[in-house]
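Encoded as structure tokens, the structure appears first; notes follow it.
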Amino acid sequence: MKESNPASIQSLLADLPKERASLLPALWRVFEADGVLTREALAAVGEALDVPAAEVYGVASFYALFHVEAQERAPVRVCTDVVCSLFGAQELLNALRGRREKPVYAATCLGRCDAPPAALVGRQALAPASLEGVDAVLKGVQP
Ligand code: FES
């Protein structure tokens, strides 16, 4: 996966107003393009929108669905909200954490209560999620 450089980020965000309100749409665009938000990308977003880099980092790191560090290209998030917990979410989370192959996090409702337990592997939703399903997605996103 090729990461955007400051010039390509400027181009990617050229149509957005240079204001704080453009921060989330800008971060999503870069994240969609790269699959990760590097520190260099965050600095370029700040420069493109005329928003301080510290503020850009604060927003990006606040939202759990953004992956700010390069080593977290495919973090695994398992929903442990009520419905998914009733269908084995905690057991799946424990099994994934026990393997320690990738960053694994508990998450609140992922909007897939219809097929619990739900998980996100990078940006790929799995519902219902299983160890085998997570493994299959991870194989496709290994750097
Ligand atoms: S409770 Fe798990 S996806 Fe909604």
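For the reader, a short list of remarks on this structure follows.
- Taking 0.36 nm per residue of sequence separation and removing the Cα-Cα distance, the Cys109/Leu86 pair yields an extension gain of 7.0 nm.
- Tilt relative to the chain, helix 53-62 - C-alpha long axis, 0 to 90 degrees, to 10: 20
- Nearest-0.05 FRET efficiency for Arg97 and Ala136, computed from C-beta distance (R0 22 Å): 0.70
- Solvent exposure of the chain as accessible area per residue, Å², 1.4 Å probe: 54
- Shown for the chain: the carbon plus sulfur share of the solvent-accessible area, taken with all protein chains present and a 1.4 angstrom probe, equals 56%.
- With Cα atoms, 0 to 90° folded angle of helix 39-49 axis to the chain main axis: 50
- Relative to its Kirkwood radius, the Cα radius of gyration of the chain gives an Rg/Rh of 1.04.
- The chain - Cys residues lacking any other Cys C-beta under 4.7 Å: Cys109, Cys113
- Database remark: amide H of Val104 closer than 5 angstrom to the amide H of Val76 (H placed geometrically; neighbours at sequence offset of 5 or more, or on other chains; Pro and chain starts carry no H).
- Gaussian network model of the chain, springs between alpha carbon atoms under 10 Å - residue of Ser22, Ser11, Ser130 with greatest fluctuation: Ser11
- For the chain, relative contact order (Cα pairs under 8 Å, six or more residues apart, normalised by length) works out to 18 percent.
The values are calculated or read from the model by the stated rules, or taken from the named source; none is laboratory data. Just so we're clear, the structure is a prediction, and the values are computed from it rather than from any experiment. Cβ coordinates were reconstructed from backbone atoms using ideal geometry, including for glycine residues, and neighbour counts include every protein chain displayed. Calculation scope for accessible area: heavy atoms of the full protein, side chains included, ligands and nucleic acids excluded. Shrake-Rupley method; radii C 1.70, N 1.55, O 1.52, S 1.80 Å.
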